[in-house]
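First up is the structure itself, then whatever we jot down about it.
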Amino acid sequence: MAALLQANATPELVARITADRFAILMPDKSTSECLACSERVQEALSEMAGEDISLNCGMALLNPEIATASHWMISAETALLEEQQLRQDGQEE
């Protein structure tokens, strides 16, 4: 999995957070570049699995308000949880 992420994301760092969660650090990328990365990773996962795979991504851009790597990860995790809630709310309608 790390090799797939490394090949499709061109990140500074790829790290496994839990069994099914990974962090991709791309500090010099724009929002559109990060979104394009998530699309490439999703396409590569789907191709590897031979079926459509859904991918939830939390994105936190580095800014002066984020003082530590831990805060950066918390910001990304918060964004991920918000995206998952939006998807869940959309499915319940």
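Descriptive notes on the structure:
- Residue in the stretch 32-51 that is polar (S, T, N, Q), in a helix (DSSP H, G or I), within 15 Å of the chain's Cα centre (by Cα) and surrounded by fewer than 10 Cβ atoms within 10 Å (Cβ to Cβ) present: yes
- In the stretch 83-93, residue nearest to Thr18 (Cα to Cα) [restricted to those that are part of a helix (DSSP H, G or I) and more than 13 Å from the chain's Cα centre (by Cα)]: Gln85
- Identity of the residue in the stretch 53-66, surrounded by 10 or more Cβ atoms within 10 Å (Cβ to Cβ) and under 17 Å from Asp20 (Cβ atoms), that ends up modelled with the highest pLDDT: Ile53
- The set of residues from the stretch 67-77 being polar (S, T, N, Q) and either in contact with a strand residue (DSSP E or B) (Cβ under 7 Å, 6 or more places away or on another chain) or surrounded by 12 or more Cβ atoms within 10 Å (Cβ to Cβ) (or both) comprises just one member, Ser75.
- Cross-chain or 6+ apart pairs with Cβ under 8 Å, the stretch 23-52 first and farther than 22 Å from Thr78 by Cβ, then hydrophobic (A, V, I, L, M, F, W, C): Arg40/Ala9; Ala44/Leu4; Ala44/Ala7; Leu45/Leu4; Leu45/Ile53; Leu45/Leu55; Ser46/Ile53; Met48/Leu4
- The stretch 82-93: number of residues that are in contact (Cβ under 8 Å) with a residue 12 or more places away in the chain and open to solvent by less than 90 Å² (accessible area, probe 1.4 Å): 2
The values are calculated or read from the model by the stated rules, or taken from the named source; none is laboratory data. Computed from a predicted model, the values in this text were never measured in an experiment. Neighbour counts are summed over all protein chains in view; Cβ atoms, including those assigned to glycine, are modelled from backbone coordinates with ideal geometry. Side chains included, ligands, DNA and RNA excluded: accessible areas come from the protein's heavy atoms. Shrake-Rupley method; radii C 1.70, N 1.55, O 1.52, S 1.80 Å.
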